[in-house]
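Enquirer: One structure is given below, represented as C-alpha cells, and several questions about it will come after.
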Amino acid sequence: MDNRDTTPSLSKAPNPEYDHLSNDELQELLDPALLPRHIAIIMDGNGRWAELRGLPRISGHTEGIKSVREMTALCLELGIPNLTIYAFSQENWKRPAHEINALMLLLERFLQSELDELVERGIRFRAIGRIDSLPASALKWVRKVERETAQRDKLTLTVALSYGGRSEIVDAVRRLAADCQAGAVSPTQIDEPFLEKYLSTQGLPDPDLLIRTSGEARISNFLLWQLAYTEMYFTPTLWPDFRRREGLLALLDYQRRERRFGRLPNPSYPQ
Ligand code: FPP
C-alpha cells in the first residue's frame, strides 16, 4: 500500500531527503538497536494550528489528542517503553478560564474514553506535576486511570499536568530535607541517584530524545533535571500535524546523533 503522507497541511516541515519515501520505507530505515528508551515531548502549536484554520483554539487541542494517540501507537509498535508528554504547565494556569476549563474537560474525556484501551494495550498511565491543583473530577480520573493501569508494562505514558521542572526540584528538596531533619537520611548519603528518587519521574530512565513542535527552541521548564544529556529535536511542524510520519522522521534524525555524554568521539582522538 502506498502510505505516503498526503495530508494537506499548513505547518509541516519539508524534508527533501525523505519526502519520496512512504511511512513503511521510513520505518525500515530505523535501526532497532538504536531506538530511544524514553521520548519526551513538548506538544506545542495547537492554538496556531486552529487559528490558521479559523477554528477556536480548543479544536487544536482536540486534534492534538490524535497526535498523542499516534505517538503512543508508534512507541508501542517499535517497543519504545517510555513516552512523556507535557500536557499542562504551571504557567498554563494563566490562560483564560474558558481555555483551562476546556483543556481539563478534554483531559477527563481522554482518560474516560481511553481507559479500557490503555489496559488492553499494556499502557501504564502516570501523571507528574502538582496534580492536586487539578479540578476534582479531572483529578479523580487521573488517580483512577493511574490505579487501574499500574500493572501494565509495555509502555509507560507519563503525562505532565500542572507541571514545572523547578517546582519538581523544590518539592524533591523539601521532602529530602524533611527526611534529613527526621534523621532518616544523612546529608553525606545524597548524590545524584539518591536525589533522583525524590523526583516525580522516579523509576523512569532519563529521556533520550526530546521533541518540541511548532518552531520554538526552548525547554520551558520541562524535566529540567532529567534532560541533562537528552538529544533535542525541534521541528516547525505544529503538534496537531505531528503524526506517525513526523515521529519516524524525528527518530531517524535521532539515530544520526552521536551521543557522547561528555566523552571524546568514537574512535577517540589521540590522547
Ligand atoms: C500547547 O499548544 C499545548 C498545550 C498547552 C496543551 C497540550 C494538550 C493536548 C495536546 C491535549 C490534552 C492532552 C491529553 C493527554 C489529554 P498552545 O496552545 O500553546 O499552542 P500555541 O503556541 O500555538 O498557542
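Enquirer: What does the helix-only formula give at 222 nm for the chain: each DSSP H stretch with n ≥ 4 adding -39500 (n - 2.57), the total divided by the residues, and the result rounded to the nearest 500 deg cm²/dmol?
Expert: -12500 deg cm²/dmol
Enquirer: Tell me, rounded to the nearest percent, the portion of alpha carbon pairs in region 83-197 spaced more than 23 Å apart.
Expert: Details: 2703 of 6555 pairs.
Percentage above 23 Å: 41.
Enquirer: In addition: So which residue, out of 189, 90, 27, gets the largest mean-square fluctuation from a GNM of the chain using Cα contacts under 10 Å as springs?
Expert: Per the Cα network of the chain with a 10 Å cutoff, 189 tops the list.
Enquirer: At 10 °C and a viscosity of 1.306 mPa s, what translational diffusion coefficient does Stokes-Einstein give for region 188-271, taking Rh as the Kirkwood radius over Cα pairs? Give it in µm²/s as a whole number.
Expert: 104 µm²/s
Enquirer: Same structure again: Okay, which of region 125-164 sit inside 17 Å, backbone N to the point 7 Å along the Cα-Cβ direction of residue 97?
Expert: 134-137
Enquirer: Taking K and R as +1 and D and E as -1, what net charge do the other residues with C-beta under 11 Å from the C-beta of residue 141 add up to?
Expert: Computed value for this residue: +1.
Enquirer: Which cross-chain or sequence-distant (5 or more) residues have an amide H under 5 Å from the amide H of residue 232, H modelled 1.01 Å from N in plane?
Expert: For residue 232, the qualifying residues are 210.
Enquirer: Mind jotting down a quarter of the surface of the convex hull over the alpha carbons of the chain, in square nanometres, one decimal?
Expert: Average projection, Cα convex hull of the chain: 17.8 nm².
Enquirer: State to the nearest 20 debye the size of the charge dipole of region 176-244 about its Cα centre, where the only charges are +1 on K and R beta carbons and -1 on D and E beta carbons.
Expert: 320 debye
Enquirer: Positive end of the charge dipole of the chain (Lys, Arg +1 and Asp, Glu -1 on Cβ, about the Cα centre): tell me which of 232, 67, 159 has its Cα farthest that way.
Expert: The Cα lying farthest towards the positive end belongs to 159.
Enquirer: Indicate, rounded to the nearest 5 percent, the antiparallel portion of the DSSP beta bridges found entirely in the chain.
Expert: Rounded to the nearest five, the antiparallel share is 0 percent.
Enquirer: Okay, moving on. Using Cα-Cα distances under 8 Å and only pairs 6 or more residues apart, what relative contact order does the chain have, in percent? Numbers along the way, then the final one.
Expert: Details: 398 pairs, mean separation 73.9, N = 271.
Relative contact order here is 27 percent.
Enquirer: Just to be sure I follow the rule: in the chain, considering lysines 8 or more places apart or on different chains, how many pairs have Cα atoms under 26 Å apart?
Expert: Value for the chain: 11.
Enquirer: Next question, about the same structure. For the residues 20, 61, what sequence is obtained by ranking on other C-beta atoms within 10 Å, fewest first?
Expert: On the way: 20 8, 61 22.
Lowest to highest Cβ neighbour count: 20, 61.
Quick note: the coordinates plus some simple rules give every number you see, no bench work behind them. Nothing here was measured: the structure is a model prediction, and the numbers come from that model. We place every Cβ from the backbone using ideal geometry, glycine too, and count neighbours over all the protein chains shown.
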